[in-house]
1. So for the pair residue 286, residue 206, with labels modelled 7 Å out along Cα→Cβ, what separation do we get in nm?
2. Can you work out the FRET efficiency for the pair residue 230 and residue 132, with r the C-beta to C-beta distance and R0 = 41 Å, to the nearest 0.05?
3. How high is the FRET efficiency from residue 17 to residue 102, r the C-beta distance, R0 30 Å, rounded to 0.05?
4. Using Cα pairs closer than 8 Å and at least 6 residues apart in sequence, work out the relative contact order for the chain, in percent.
5. Given points 7 Å out from each Cα along the Cα-Cβ axis, report the residue 29 to residue 82 separation in nanometres with one decimal.
6. For the chain, what does the alpha-carbon gyration tensor say about shape, rounded, prolate or oblate, given a ≥ b ≥ c as the root eigenvalues, a/c under 1.5 as rounded, and a/b over b/c as prolate?
7. Given the Cα-Cα distance of residue 352 and residue 58 and 0.36 nm per residue of separation, how much length would full extension add, in nm?
8. From the square roots a ≥ b ≥ c of the eigenvalues of the alpha-carbon gyration tensor of the range 67-208, which class results: rounded (a/c under 1.5), prolate (a/b over b/c), or oblate?
């Protein structure tokens with residue numbers, strides 16, 4: 001695998017082909033569980049929960065130690081996940097993942113929560129041995145992967161082999177050249193207005209980032225959802241099963257298309273813009289910037305090649321869903337206010353298959369969609 005990758009001079013995010021090669025060559029390996037074909041995405045691999053979870057008294061990073069060396073002092077209980085187990089709200093759990101890594105030199109990895117995980121207000125981060133960072137896996141890492149899970153709004157039930165997060169492999173620097181995305185956008189749009197028309201005011205920046213704004217101007221000024229507190233148990237192995245009204249309440253902007261976010265409440269909103277991720281690129285919502293306001297604007301933020309683009313470039317963009325939580329004080333946002341940033345990266349090679357219905361992708365549809373665990377709503 002690595003010899004073939006070395007023949008490619010540029011850096012970039014590895015596509016499905018290389019992820020499968022990595023699994024075949026035991027760069028990504030498991031002791032007993034074969035990786036399902038459906039877990040390979042255009043530019044990422046869905047990781048799976050192992051058989052045990054550790055209830056923690058606090059979150060941690062191992063820094064100069066291994067995770068297992070730190071664990072005995074912090075673990076309060078061991079839980080068997082094989083037949084399913086309940087994870088309480090606002091309690092950190094540490095779960096060894098089934099997949100492990102033997103990264104060659106020159107290959108590093110990064111992890112993100114899956115879209116469904118973020119839309120449920122489940123906070124996940126990967127921890128690796130001898131690391132002082134979450135979700136960043138160093139070049140050449142050999143070892144286990146551990147997932148920290150904190151469900152903020154709902155009490156959830158999980159089981160072995162369930163996927164809550166995903167892994168990307170990268171060679172070198174996947175960053176685009178300055179102005180690369182802007183030049184491409186002017187010939188084939190990257191961002192479009194809600195009506196599907198090119199909006200020249202929303203062009204990508206020279207650093208290949210794209211600002212997204214809040215959509216608070218829907219019919220009847222319906223703005224999104226807020227998670228209900230003290231809802232019933234949510235079994236994450238069930239899809240299209242739960243009534244949205246039991247877990248979510250609709251929220252509405254005022255006459256001036258403004259919305260006041262209450263502290264520590266969880267909201268689902270959409271961007272006012274449609275985004276198209278071409279096959280040669282992947283994108284990520286960048287880390288929260290405290291200078292932009294007292295709120296966090298995403299939990300899961302990775303966009304596979306083909307998101308909002310379609311198999312043949314025939315889609316007019318998809319409005320990304322944003323997971324939002326205000327901190328400390330009530331915070332007002334207005335329609336069209338910039339609330340997050342997308343950063344684009346190059347793929348090492350174009351994926352053979354793109355994000356979309358053909359590979360079972362759940363969120364290629366337009367507008368605000370709840371996670372796949374809920375029955376679809378027809379009106380608001």
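Read-outs throughout are calculated quantities, based only on the coordinates presented, and are distinct from any laboratory measurement. None of these values were measured; they are calculated from a predicted model. For neighbour counting, all protein chains shown are included, and Cβ atoms are generated from backbone atoms with ideal geometry for every residue, glycine included.
1. 1.4 nm
2. 0.70
3. For residue 17 and residue 102, the calculated efficiency is 0.95.
4. That works out to 20 percent.
5. In this crude label model, residue 29 to residue 82 measures out at 2.4 nm.
6. Verdict is oblate for the chain.
7. 101.6 nm
8. oblate
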